[in-house]
Amino acid sequence: MQKTKNITPPKHVAIIMDGNGRWAKKRNLSRNIGHKMGAKRLVDIIMHANKVGVKYLTCYAFSTENWDRPKEEVDYLMKLPLEFFEENKKQISDNDIKVSFIGFDENINSELLKTKKEIVEKTKNNKGLHFILAFNYGSQAEIINAVNNIIKDKLLVIDKEIMESYLFTKGIPDVDLLIRTSNELRVSNFLLWQISYSELYFSKKLWPDFTKSDFDKAIKDFLKRERRYGKVE
Ligand code: IPE
Ligand code: IPE
Ligand code: MG
């Protein structure tokens, strides 16, 4: 049987951008400064992923569990995407990048909902990288939500395709490469369905320290892997 060694860059890369708090703590700065530096890093990585030919990049910015953090931090994390898209929308559009979101709109303030809508609308016909921001996203909640909608629609039997059409990631191919920074070896409720056959890559770097060359290293590692999907050679 034909080997399925990767010869092209991963089509879909997902990143758990972790370690902002520790990055700040190491420097005696507030956790929020760590998040700000993390957002700066994100724009570089988006541009780089676009340049190297990745088609989809999904980044985890706020989980359904992150609401349990101190109010000051949650408030800041709700403001950060506003700043992020205000500062970077021109660069995003100029580079033909399409933006969308996965996650729940519940509990998101109206200003942020408006920003989300605007950037999605402004970039919807772009043909470069599709950047997907996971915000107020949790995979278990996503799956439960899908099942509840399936029940509402009165479907009695479903298959993989139908299930996937009820997920936030409808129409987006499964993740090829999942990167997590900050040396934590877990997936923290991110894209559990969509990473069934992903290659996993863990970086020791804290997210604000993660560079384009670290991204390239992850891609290089991916290219050495042989994906078997349960088959034998
Ligand atoms: C990731 O960094 C960003 C979010 C979860 C919002 P953390 O804030 O989790 O940073 P650490 O893990 O505490 O260092
Ligand atoms: C995962 O990081 C969520 C995001 C990066 C947005 P966490 O810091 O919330 O995950 P745990 O708590 O270490 O599992
Ligand atoms: Mg963390």
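The values are calculated or read from the model by the stated rules, or taken from the named source; none is laboratory data. Since the model is a prediction, treat every value here as computed from it, not as a measurement. Note: ideal-geometry Cβ built from the backbone for every residue, glycine included; neighbour counts use all protein chains shown. Heads up: the accessible areas ignore ligands, DNA and RNA and are worked out on the full protein's heavy atoms, side chains in. Shrake-Rupley method; radii C 1.70, N 1.55, O 1.52, S 1.80 Å.
Per residue, how large is the accessible surface of the chain? Use a 1.4 angstrom probe and give square angstrom. Intermediate results must be reported in sequence, preceding the final value.
Numbers: 12700 Å² over 233 residues.
Normalised by residue count, the accessible surface of the chain is 55 Å².
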| remark: For Lys98, other-chain or 5+-apart residues with amide H closer than 5 Å (H placed, Pro excluded) are Gly128, Leu129, His130, Phe131
| task | Report the one residue of Tyr56, Ile219, Ile158 whose Cα lies farthest in the direction of the positive end of the charge dipole of the chain (charges on C-beta: Lys and Arg +1, Asp and Glu -1; origin at the Cα centre). | result | Ile219
| note | Applied in sequence order to region 136-147, the curve 6.51 cos²θ - 1.76 cosθ + 1.60 (Karplus, θ = phi - 60°) yields integer Hz couplings, x standing for Gly and Pro, of 6, 10, x, 6, 5, 5, 4, 5, 5, 4, 4, 5
| task | Please work out the Cα center distance from region 169-218 to region 76-103, rounded to the nearest Å. | result | 20 Å
| query | Taking H as built 1.01 Å from N, whose amide H comes closer than 5 Å to the amide H of Met17, not counting residues under 5 places away? | reply | Tyr60
| query | Between Asn136 and residues 5 or more places away or on another chain, which pairs have amide H atoms under 5 Å apart, with H built 1.01 Å from N, and which residues are they? | reply | Phe62, Ser63
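If you take all C-alpha pairs in region 12-224, what percent of them are over 27 Å apart?
For region 12-224, the share of Cα pairs beyond 27 Å comes to 30 percent.
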| remark: Residue-ordered couplings for region 21-37, obtained by feeding phi - 60° into the Karplus form 6.51 cos²θ - 1.76 cosθ + 1.60 and rounding to whole Hz (Gly and Pro as x), are x, 5, 4, 5, 4, 4, 9, 6, 9, 6, 4, 5, 5, x, 5, 4, 5
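Using a Förster distance of 41 angstrom, determine the FRET efficiency expected from the C-beta separation of Arg225 and Lys170, and round it to 0.05.
Once rounded, the FRET efficiency stands at 0.90.
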| request: Any chance you could run the full-extension gain for Ile33 through Trp67? It's 0.36 nm times the residue separation minus the Cα-Cα distance, nm to one decimal. | output: 10.4 nm
| Ignoring any ligand, DNA or RNA, what whole percent of the accessible area of region 12-224 comes from carbon and sulfur when the probe is 1.4 angstrom? | 53 percent
| request: Using per-residue counts of other Cβ atoms within 10 Å, averaged over each peptide, order 198-209, 69-80 from highest down. | output: 198-209, 69-80
| remark: Within the chain, the percent of DSSP beta bridges that are antiparallel, given to the nearest 5, stands at 5 percent
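Mind giving me the FRET efficiency for Ile162 and Lys124? R0 is 25 Å, r the Cβ-Cβ distance, nearest 0.05 is fine. Write down the numbers at each step before the final one.
Values: r = 25 Å, r/R0 = 1.01.
Result of the calculation: an efficiency of 0.50.
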| Value in Å of the Kirkwood radius, where region 3-113 supplies the Cα pairs that are averaged | 15.7 Å
| note | Diffing region 72-77: the Karplus 3J(HN,Hα) column from phi (6.51, -1.76, 1.60, θ = phi - 60°), in whole Hz with x for Gly and Pro, holds 4, 6, 4, 4, 5, 5
| message | Compute the orientation-averaged projected area for region 81-188 from the convex hull of its Cα atoms and round it to one decimal in nm². | response | 8.8 nm²
